[in-house]
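The values are calculated or read from the model by the stated rules, or taken from the named source; none is laboratory data. Computed from a predicted model, the values in this text were never measured in an experiment. Here the Cβ is made from the backbone with ideal geometry for all residues, glycine too, and neighbour counts use every protein chain on show. Only protein heavy atoms, including side chains, enter the accessible area calculation; ligands, DNA and RNA are left aside. Shrake-Rupley method; radii C 1.70, N 1.55, O 1.52, S 1.80 Å.
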Amino acid sequence: MPSSDATPPIWVILPDKQEVVGCLHERRQTSDGWLYKVSVPAWRNEDGRVEPAWYTVWVQAPTHVRPVDGVSYGHVATERLPQPSVVRKTLGPRRPTGWVLQRLDGQRGADRGVLHAPDCDEAPQGAPVLPVERALDAAEKAGVRLCTLCGAAQELEPLLHGFDHGFDPDR
């Protein structure tokens, strides 16, 4: 599989830091960065004969690949992540779903505690994330309060007391 316009050459950095020229087949953007599908020359044993072969693998870029000087990669098949919607761009990244119960006074039960969003700075690390139904069950206990720092109070109060809670019904 020698390099062609469809599969341009690229330097592939092997685990022992050696570099070999391989072929670039395609690129894929992931949430963690870029992956490049490359082939590098190798040998294989076929019926007792040693023959040249190509080994194809996905590697992380730029950690395991670098461009060959003077080579254009603009025509290589490239899969990009979809652009976030206008709403997502405006609102920013989504908060993790669920709720975390911080137990107070070393209690094992859920009788005294504080409910937080999972990404709240006050939420205990490693605590199980509760679905909304279990969080509401915990929030109904007299000794459990809702964190106002992370918005747990603002988000769960209407579910606990109805969406009209706090409004004068005569208005």
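Are there any pairs, at least 6 apart or on different chains, whose C-beta atoms fall under 6 Å, with the first in the range 28-51 and without any contact (Cβ under 8 Å) to a residue 12 or more places away in the chain and the second open to solvent by less than 40 Å² (accessible area, probe 1.4 Å) and of a type outside the set (Asp, Glu), and if so, which?
Note: pairs meeting the criteria are ARG44/ALA53.
Are any of the residues in the range 116-127 open to solvent by 80 Å² or more (accessible area, probe 1.4 Å), in a strand (DSSP E or B) and not acidic (Asp, Glu)?
Checked the range 116-127: no residue is open to solvent by 80 Å² or more (accessible area, probe 1.4 Å), in a strand (DSSP E or B) and not acidic (Asp, Glu).
Looking only at the range 128-148, count how many residues are of a type in the set (S, T, N, Q) and either outside any loop (DSSP other than H, G, I, E, B) or more than 20 Å from LEU160 (Cα to Cα) (or both).
0
For the range 1-13, give me each residue that is of a type outside the set (D, E, K, R) and modelled with pLDDT under 95.
Filtering the range 1-13 for residues of a type outside the set (D, E, K, R) gives 1-4, 6-13.
MET1, PRO2, SER3, SER4, ALA6, THR7, listed by residue number.
If you scan the range 130-155, which residues turn out to be under 15 Å from PRO96 (Cβ atoms) and open to solvent by less than 80 Å² (accessible area, probe 1.4 Å)? Step through it out loud before you land on a result.
Start the filter on the range 130-155 by keeping residues that are under 15 Å from PRO96 (Cβ atoms), which leaves 130-132, 135, 147, 150-152, 155.
Hits for the range 130-155 are LEU130, PRO131, VAL132, ALA135, CYS147, CYS150, GLY151, ALA152.
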